[in-house]
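To keep things clear, I will list the structure first and then write my remarks on it.
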Amino acid sequence: MGLFTGKKGLVFGIANDHSIAWSITQNLQAEGADMAFTHLPDKDPERPRMERRLRKLVDDFDRFIMPCDVTNEQDLDAVFARAKEEFGQIDFVLHSIAYAPMEDLKGPVHAVSRDGFKLSMEISCYSLISLAHRAREIMAPGGNILSLTYLGGEKVIPGYNIMGVCKAALESTVEYLASELGPESFRVNALSAGPLKTLSSSAVGEFDQMVKLYSAFSPMRRNVTHDEVGKTGMWLMSDHASGVSGETLHVDCGYHIMGAPPHDAHLED
Ligand code: 0WD
């Protein structure tokens with residue numbers, strides 16, 4: 001019997017096999033979770049690239065797959081209506097979504113466009129609110145929501161720019177949602193992952209430099225792995241973490257505690 005035997009949930013944000021949501025999904029599946037997945041709607045229905053990539057990964061075990069652009073209310077309503085139909089109630093929602101237009105992400109923050117700011121906040125932060133609002137209607141007692149964040153929401157990480165502002169808002173949102181949904185027995189948490197090579201992170205400036213910094217600065221003198229983030233994400237959503245809510249849990253080999261480089265840090269190549 002697995003930690004997720006009999007548990008049902010929705011996963012938002014698998015773009016491909018490098019996605020953090022995929023690492024968490026693999027661990028959920030190994031523990032017996034029953035899941036449905038969404039992908040970004042394909043622009044060309046003749047060539048459904050996003051759907052195909054997701055299907056390749058989850059085809060053997062998904063309950064259903066649906067397109068969902070989180071900026072589209074109808075898409076969101078359709079996913080939750082289908083989840084209610086298929087599952088009755090759900091036990092967890094994984095929110096692993098972020099976006100900023102490239103020209104705004106490149107920074108500086110003071111030059112971000114009004115439209116770029118709105119879209120980045122809408123997809124990277126408001127989407128959690130819109131998922132939570134719908135999820136609570138069909139969540140089983142003890143259910144929970146997990147979102148993904150990064151240290152750039154707490155401290156200035158050069159190159160992270162507008163996404164840092166979005167993550168600060170997201171982490172605050174996690175706390176307000178946890179406070180509001182707690183009396184209904186629901187938990188809301190964030191996992192703050194160290195830098196991992198994915199589609200999204202390849203758009204963030206100085207990503208390779210960040211990975212080097214983690215290896216040199218973090219207490220464990222290495223960067224975190226996809227599987228470590230996957231395991232901890234699964235754990236946070238499991239009943240083993242039933243007393244944890246409103247938390248931003250760092251899974252970053254301890255990097256976030258450092259205020260200055262360790263004595264043995266070598267930053268050269
Ligand atoms: O180093 C990293 N990779 C870290 C990522 C460190 C710490 C946190 N994170 C966060 C990201 O900010 C994000 O919130 O983890 C989350 C997942 O990111 P990921 O796994 O690094 O990236 P990726 O595999 O690209 O998944 C993010 C997905 C999108 O992928 P693409 O690359 O196609 O934009 O977010 C989804 C989409 O699947 N997404 C949307 N979903 C629905 N509606 C939308 C949208 N409008 N926009 C993006």
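The values are calculated or read from the model by the stated rules, or taken from the named source; none is laboratory data. The shown structure was predicted, so the numbers you read here are calculated from the model rather than taken from an experiment. All Cβ positions, even for glycine, are placed from backbone atoms using ideal geometry, and neighbour counts span all protein chains on display.
Pick out the one residue from Ala36, Ala98, Ala83 that is in a helix (DSSP H, G or I) and in contact with a strand residue (DSSP E or B) (Cβ under 8 Å, 6 or more places away or on another chain). Walk me through it before giving the result.
On the way: Ala36 fails: in a helix (DSSP H, G or I); Ala98 fails: in a helix (DSSP H, G or I).
Selected residue: Ala83, the only one of Ala36, Ala98, Ala83 that is in a helix (DSSP H, G or I) and in contact with a strand residue (DSSP E or B) (Cβ under 8 Å, 6 or more places away or on another chain).
Could you please find all residues in the range 61-77 being in contact with a strand residue (DSSP E or B) (Cβ under 8 Å, 6 or more places away or on another chain), more than 13 Å from the ligand (Cβ to nearest atom) and more than 24 Å from Ala241 (Cβ to Cβ)? Lay out the reasoning, then the answer.
First, pick out the residues of the range 61-77 that are in contact with a strand residue (DSSP E or B) (Cβ under 8 Å, 6 or more places away or on another chain): 61-68, 70, 75.
Okay, now just the ones that are also more than 13 Å from the ligand (Cβ to nearest atom), so 61-64.
Correct list: Asp62, Phe64.
Can you pull out the residues in the range 192-210 that are more than 19 Å from Leu236 (Cβ to Cβ), modelled with pLDDT of 90 or more and not in a loop (DSSP other than H, G, I, E, B)?
none
From the residues in the range 177-199 that are surrounded by fewer than 21 Cβ atoms within 10 Å (Cβ to Cβ) and among the small types (Gly, Ala, Ser), which one is farthest from Phe117 (Cα to Cα)?
Within the range 177-199, the match that is farthest from Phe117 (Cα to Cα) is Ser185.
List every residue pair whose Cβ atoms sit under 9 Å apart, with the two residues 6 or more apart in sequence or on different chains, where the first one lies in the range 143-155 and is farther than 16 Å from Gly230 by Cα and the second, anywhere, is modelled with pLDDT under 95 and within 9 Å of the ligand (Cβ to nearest atom).
Gly152/Val204
Please determine whether any residue of the range 211-218 is of a type outside the set (Ser, Thr, Tyr) and buried (at least 22 other Cβ atoms within 10 Å of the Cβ).
Kept after step one, since they are of a type outside the set (Ser, Thr, Tyr), are these residues of the range 211-218: 211-213, 216-217.
Of the ones still in play, those that are also buried (at least 22 other Cβ atoms within 10 Å of the Cβ) are none.
No, because not a single residue in the range 211-218 is of a type outside the set (Ser, Thr, Tyr) and buried (at least 22 other Cβ atoms within 10 Å of the Cβ).
What's the number of the condition Glu51 fails, among (1) within 15 Å of the ligand (Cβ to nearest atom); (2) among the acidic types (Asp, Glu); (3) surrounded by fewer than 17 Cβ atoms within 10 Å (Cβ to Cβ); (4) more than 18 Å from Ala135 (Cβ to Cβ)?
Glu51 satisfies every listed condition except (3).
Name the pairs: first residue in the range 184-208 and near the ligand (Cβ under 6 Å from one of its atoms), second residue small (Gly, Ala, Ser), Cβ to Cβ under 8 Å, at least 6 apart or on different chains?
Pro195/Ser201; Thr198/Ala15; Thr198/Ser19; Leu199/Ala15; Leu199/Ser19; Ser200/Ala15; Ser200/Ala98
Failed condition for Ala83, given (1) surrounded by 13 or more Cβ atoms within 10 Å (Cβ to Cβ); (2) within 14 Å of the ligand (Cβ to nearest atom); (3) over 27 Å from Leu196 (Cα atoms); (4) not hydroxyl-bearing (Ser, Thr, Tyr), with all others met?
(2)
Starting from the range 99-126, keep only residues that are within 24 Å of Glu175 (Cβ to Cβ) and away from the ligand (no atom under 16 Å from the Cβ), then list their pairs with residues that are assigned to a helix (DSSP H, G or I) and not hydrophobic (A, V, I, L, M, F, W, C) whose Cβ atoms are within a distance under 9 Å, requiring at least 6 positions of separation or different chains.
From the range 99-126, the pairs are Val109/Asn161; Val109/Gly164.
Among what's in the range 135-176 and is polar (S, T, N, Q) and away from the ligand (no atom under 12 Å from the Cβ), pick the residue that is surrounded by the most Cβ atoms within 10 Å (Cβ to Cβ).
Initial filter on the range 135-176 (polar (S, T, N, Q)): 144, 147, 149, 161, 172-173.
Adding the requirement that they be away from the ligand (no atom under 12 Å from the Cβ) leaves 144, 161, 172-173.
Values: Asn144: 26, Asn161: 23, Ser172: 13, Thr173: 19.
The residue in question is Asn144.
Contact list please: Cβ distance under 7 Å, first residue in the range 4-25 and over 14 Å from Tyr99 (Cα atoms) and β-branched (Val, Ile, Thr), second residue assigned to a strand (DSSP E or B) and near the ligand (Cβ under 6 Å from one of its atoms), pairs at least six apart or on different chains.
Ile20/Leu148; Ile20/Ala193
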